[in-house]
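Worksheet: the structure to be examined is printed underneath.
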């Protein structure tokens, strides 16, 4: 192998381990020749897109020869109305993942540090290392963010702090009071990225008032997505909410046409589909009860989750059980890369999918 090309890359990129997505249904079909596969690995919406989103996609198909609106004006207008903010406060991303990359590209260099928690989203260290910044990983507290320790880790070199609330993959939830107090204590030279990809699933979602904080904290970036609760993971639409000044900076490094036409119209329609969103939340709540009841019968412990997934302690190698479940046609998510080698992350599926998983898990453990 010619290694010279690797030496041309920046040091941070040379040392990166690429993000490994959940196994695809088609991939498992090819490998094992299985059918009727159940995938509960990637926190996707088991109901799929709503009817309004699908209708909007159908109507937009004839316009695919034309470039999309590079500004995403129509979607941003609807988001601005929903959250009672200005259009200039919104940045659209190819999934919320792109927002994490944009903020890293815009604000980080090798001079700076980034603080985030152990067991937090795997993209945080990736975007940090890719630009050559230093990652400061703070040990988790009860599988979640230790905000006091994270604040203590902030120095004059800290440019970004990532907080996932609810956290992926553990599902832990921080109170609004604690998060607000944490942001208020940060120096104004440090940006807080509040990753709320799963906020729609929080039982007390009415109390999630982080949007109000934008009026007080110009160093706050809130990231959200249409991939989870709205069932549009395949179209990759995310958005960032911030001060107009931060949005202006992010839009300077954002690539033109980063959201395609179908993604833009589907996301806009999804925001108007309260019925589908509520059905999704209901299925998730029922599925969470179904899975945790099953874990209890198997004498397994789990981490209480505020998302659309749950992390269960298998009490043995999670990778081994994951592989065994694959052979039964069930895809879940091992989390050894999150320093949780005995856990599996299970996305909430339909009642039938959850039942198939629990049966397969029972057979595998017995």
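The values are calculated or read from the model by the stated rules, or taken from the named source; none is laboratory data. Here the structure is a predicted model, which is why all the values come from computation and not from measurement. No Cβ is skipped: glycine too gets one built from the backbone with ideal geometry, and neighbour counts run over all protein chains shown.
So which of 113, 177 is over 20 Å from residue 248 (Cα atoms) and crowded, with 20+ Cβ neighbours inside 10 Å?
Numbers: 177 fails: crowded, with 20+ Cβ neighbours inside 10 Å.
Criteria check complete, one pass: 113.
Considering only the range 330-351, state which residues are surrounded by fewer than 19 Cβ atoms within 10 Å (Cβ to Cβ) and out of contact with any helix residue (DSSP H, G or I) (no Cβ under 7 Å at 6 or more places or on another chain). Spell out how you get there, then give the answer.
The initial filter retains those residues of the range 330-351 that are surrounded by fewer than 19 Cβ atoms within 10 Å (Cβ to Cβ), namely 336-337, 339, 341-342, 350-351.
337, 339, listed by residue number.
Of everything listed in (1) assigned to a helix (DSSP H, G or I); (2) surrounded by 20 or more Cβ atoms within 10 Å (Cβ to Cβ); (3) out of contact with any strand residue (DSSP E or B) (no Cβ under 7 Å at 6 or more places or on another chain), the single unmet condition for residue 119 is (1).
Can we say residue 103 is closer than 26 Å to residue 152 by Cα, modelled with pLDDT of 95 or more, under 21 Å from the mean Cα position of the chain (by Cα) and assigned to a strand (DSSP E or B)?
no
Among the residues of the range 205-234, those that are crowded, with 19+ Cβ neighbours inside 10 Å and either out of contact with any strand residue (DSSP E or B) (no Cβ under 8 Å at 6 or more places or on another chain) or in contact (Cβ under 8 Å) with a residue 40 or more places away in the chain (or both) comprise 214, 221, 223, 224, 225, 226, 227, 228, 229, 230, 231, 232.
If you go through the range 308-342 and keep only what is in a loop (DSSP other than H, G, I, E, B) and free of Cβ contacts under 8 Å to residues at least 40 places away in the same chain, you end up with 315, 316, 317, 328, 341, 342.
Residue by residue, here is whether (1) in the same structural domain as residue 112 (by TED's automatic domain parsing); (2) under 22 Å from the mean Cα position of the chain (by Cα); (3) in a strand (DSSP E or B) holds:
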position	(1), (2), (3)
136	yes, yes, yes
151	yes, no, no
169	yes, yes, no
228	yes, yes, no
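Residue 129 satisfies every condition listed in (1) at pLDDT 95 or above; (2) more than 18 Å from the chain's Cα centre (by Cα) except (1). Screening residue 223 on (1) under 19 Å from the mean Cα position of the chain (by Cα); (2) modelled with pLDDT under 95 shows it passes everything except condition (2).
Restricting attention to the range 179-204 and to residues that are without any contact (Cβ under 8 Å) to a residue 40 or more places away in the chain and part of a helix (DSSP H, G or I), the residue that is nearest to the chain's Cα centre (by Cα) turns out to be 199.
Pick out the one residue from 54, 28 that is buried (at least 18 other Cβ atoms within 10 Å of the Cβ), in a helix (DSSP H, G or I) and touching a helix residue (DSSP H, G or I) at 6+ places or on another chain (Cβ under 9 Å).
Numbers: 54 fails: buried (at least 18 other Cβ atoms within 10 Å of the Cβ).
Answer to the check: 28.
The residues of the range 299-313 that are surrounded by fewer than 22 Cβ atoms within 10 Å (Cβ to Cβ) and touching a strand residue (DSSP E or B) at 6+ places or on another chain (Cβ under 9 Å), listed by number, are 300, 301, 302, 303, 304, 313.
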